[in-house]
Amino acid sequence: MLCIRLPARHMAAILAAFTLTTANCQPLRAADAPMVKIENFAFTPPVLTVKPGTTVTFRNDDDIPHLVVASDSSFRSKALDTGDTYEFTFTKAGDFAYFCGLHPHMQGKITVAP
Amino acid sequence: MTHHHDDENGHISRRHALECMIWAGTGVLWTISGGIPVSLNLLGAAQAAEAMATGFTFLQISDSHIGFDKAANPHAIDTLKEAMGKIQALPQKPAFMIHTGDITHLSKPAQFDNAAEIIGGAGFDVHYVPGEHDLIDDGNGKAYLDRYGKGTRGAGWYSFDQNGVHFVALVNVVNLKAGGLGNLGPEQLAWLADDLKAVSASTPIVVFAHIPLWAVYPEWGWGTDDAAQALGLLKRFGSVTVLNGHIHQIMQKVEGNVTFHTARSTAFPQPAPGTAASPGPMTVPAGQLRGLLGTSSVTVKQGGQDLAIIDSTLA
């Protein structure tokens, strides 16, 4: 890994300068990267707060396919079978509500805040 | 859950008795007379046989989920074959079949092909409506419409007449809204209003769609947001039968002139409303699965408005 772990308070300042480098080594997608699990017909956690530029992984742990669709149509996964994942990088700040395109009573939200 | 009223004399009503019988898990035959359902079993075998002999029968199959291979049934393709085998062995051949959706699990070409081979192999005409699992190809439903969309409108809705019964096939699995349930949409409702214009009020109506057109359990998405508008258009008809799938278990309700009925899946059972953490596939002990899978046979008695439904398991 070329990435160097830095204290969070330094990351924001340095991140801009390292954009090209960090894009290659994906420091925000380590093992503890933000993840929304889909299980028992629910998004867990239902609300996830991340910083701009964060890639969020949605993973379907159900025996039934699900489909992640942004309420404002800004992102949409393919149908996710059991174990399938979908990744989306949230670049803009704001609240991004989403739901399951197959079971629309399933809803969640990604809050992107600096 | 359904709620039925017993008759004015305090006796258990026939429809209530019927519900109990269905919950006992047996095959049940029932009929609609002037919009009121009665059990042909309760009428006696001779009358039931007469109804069978003088009418025509069609068969409902649902939720075959070809491609499903998880613990709840690793061999969904085999249980569909078993179901079709039982249909082919029926003493009275159905006039045609309807499939109330979720033909496939993931809308993959091979899954559609396998389903078509098994279902089509029986030689019956089959009238399909899509389930949400049939529209998740990369073309957002193109795979389904390429196969089954000929002669249909919009996302695949249509109607046809058979032996004096008007059949309406509706699609309530597209353009689903965040937080919502099944959805028919204004375009389809406008088409329905127009379609029904030429149909006389005495004509028995059979409506079929994937997701129940009544609020079975909205907490699990088991209902259709704008079903009330469709049912409003059906109010003037004396006999309306609504056949759905999606929930992989038998449920029924009678509301005025409308009888609602959901069919079993041929692939896997789902839990009764609210009895599990989610509506996902229910894994049951080996030996119990086939008792929870099955098909429904519907008989229309000639010269009357009577429809009889028999639910049969694969056990």
Open item on the list: Going by what's in this entry, would B:VAL168 be described as touching a residue at least 40 places away in the same chain (Cβ under 8 Å), away from chain A (no Cβ under 14 Å), within 17 Å of the chain's Cα centre (by Cα) and crowded, with 22+ Cβ neighbours inside 10 Å?
Closed with: yes
TODO: Filter region B:188-206 for residues that are touching a helix residue (DSSP H, G or I) at 6+ places or on another chain (Cβ under 7 Å) and in a strand (DSSP E or B) and give the result.
DONE: none
Open item on the list: Condition (residue is buried (at least 21 other Cβ atoms within 10 Å of the Cβ) and at pLDDT below 95) applied to region B:181-204: is it met by at least one residue?
Closed with: yes
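Would you confirm whether any residue within region A:18-37 is within 14 Å of chain B (Cβ to nearest Cβ), more than 12 Å from the chain's Cα centre (by Cα) and either within 24 Å of B:ASN183 (Cα to Cα) or at pLDDT 95 or above (or both)?
no
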TODO: For B:SER159, indicate whether it is more than 27 Å from B:THR275 (Cα to Cα), among the polar types (S, T, N, Q) and free of Cβ contacts under 8 Å to residues at least 12 places away in the same chain.
DONE: no
Task: Residue, farthest from the other protein chains (Cβ to nearest Cβ), within region B:180-199, restricted to residues that are in contact with a His (Cβ under 9 Å, 6 or more places away or on another chain) and farther than 21 Å from B:ARG264 by Cα - done: B:VAL199
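Return the only residue of B:GLU187, B:GLU219 being closer than 21 Å to B:SER278 by Cβ and not polar (S, T, N, Q). Before the answer, list the steps.
Details: B:GLU187 fails: closer than 21 Å to B:SER278 by Cβ.
Of the residues listed, the single one that is closer than 21 Å to B:SER278 by Cβ and not polar (S, T, N, Q) is B:GLU219.
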Open item on the list: Suppose we filter region B:71-84 for residues that are more than 20 Å from the chain's Cα centre (by Cα) and surrounded by fewer than 19 Cβ atoms within 10 Å (Cβ to Cβ); how many remain?
Closed with: 4
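Charged (D, E, K, R) and at the interface with another protein chain (Cβ under 8 Å from one of its Cβ atoms): which single residue out of A:ASP63, A:ASP95, A:ASP72, A:ASP84 fits that description? Full working, then the answer.
Working: A:ASP95 fails: at the interface with another protein chain (Cβ under 8 Å from one of its Cβ atoms); A:ASP72 fails: at the interface with another protein chain (Cβ under 8 Å from one of its Cβ atoms); A:ASP84 fails: at the interface with another protein chain (Cβ under 8 Å from one of its Cβ atoms).
Just one listed residue meets the conditions, A:ASP63.
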Task: Output for region B:205-228, where each listed residue is surrounded by fewer than 18 Cβ atoms within 10 Å (Cβ to Cβ) and of a type in the set (A, V, I, L, M) - done: B:ALA215, B:ALA228
Open item on the list: For region B:290-314, give me each residue that is crowded, with 21+ Cβ neighbours inside 10 Å and farther than 20 Å from B:GLN162 by Cα.
Closed with: B:LEU292, B:LEU293, B:GLY294, B:THR295, B:ASP311
- [ ] Restrict the check to region B:207-221 and report whether at least one residue is in a helix (DSSP H, G or I), out of contact with any Pro (no Cβ under 7 Å at 6 or more places or on another chain), more than 14 Å from chain A (Cβ to nearest Cβ) and at pLDDT 95 or above.
- [x] no
Task: region B:222-234, residues that are part of a helix (DSSP H, G or I) and within 24 Å of B:GLY179 (Cα to Cα) - done: B:ALA227, B:ALA228, B:GLN229, B:ALA230, B:LEU231, B:GLY232
- [ ] All but one of (1) in contact (Cβ under 8 Å) with a residue 24 or more places away in the chain; (2) under 18 Å from B:ASN172 (Cβ atoms); (3) away from chain A (no Cβ under 14 Å) hold for B:GLY232, so report the exception by its number.
- [x] (1)
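Among the residues of region B:114-142, how many are of a type outside the set (Ser, Thr, Tyr) and crowded, with 22+ Cβ neighbours inside 10 Å? So that I can check it myself, show each step before the final result.
Going residue by residue through region B:114-142, those that are of a type outside the set (Ser, Thr, Tyr) are B:114-127, B:129-142.
Within this subset, residues satisfying the condition of being crowded, with 22+ Cβ neighbours inside 10 Å are B:115, B:119, B:129-136.
Within region B:114-142, residues that are of a type outside the set (Ser, Thr, Tyr) and crowded, with 22+ Cβ neighbours inside 10 Å number 10.
The values are calculated or read from the model by the stated rules, or taken from the named source; none is laboratory data. Computed from a prediction, not measured in an experiment: that's the story for all the values here. For neighbour counting, all protein chains shown are included, and Cβ atoms are generated from backbone atoms with ideal geometry for every residue, glycine included.
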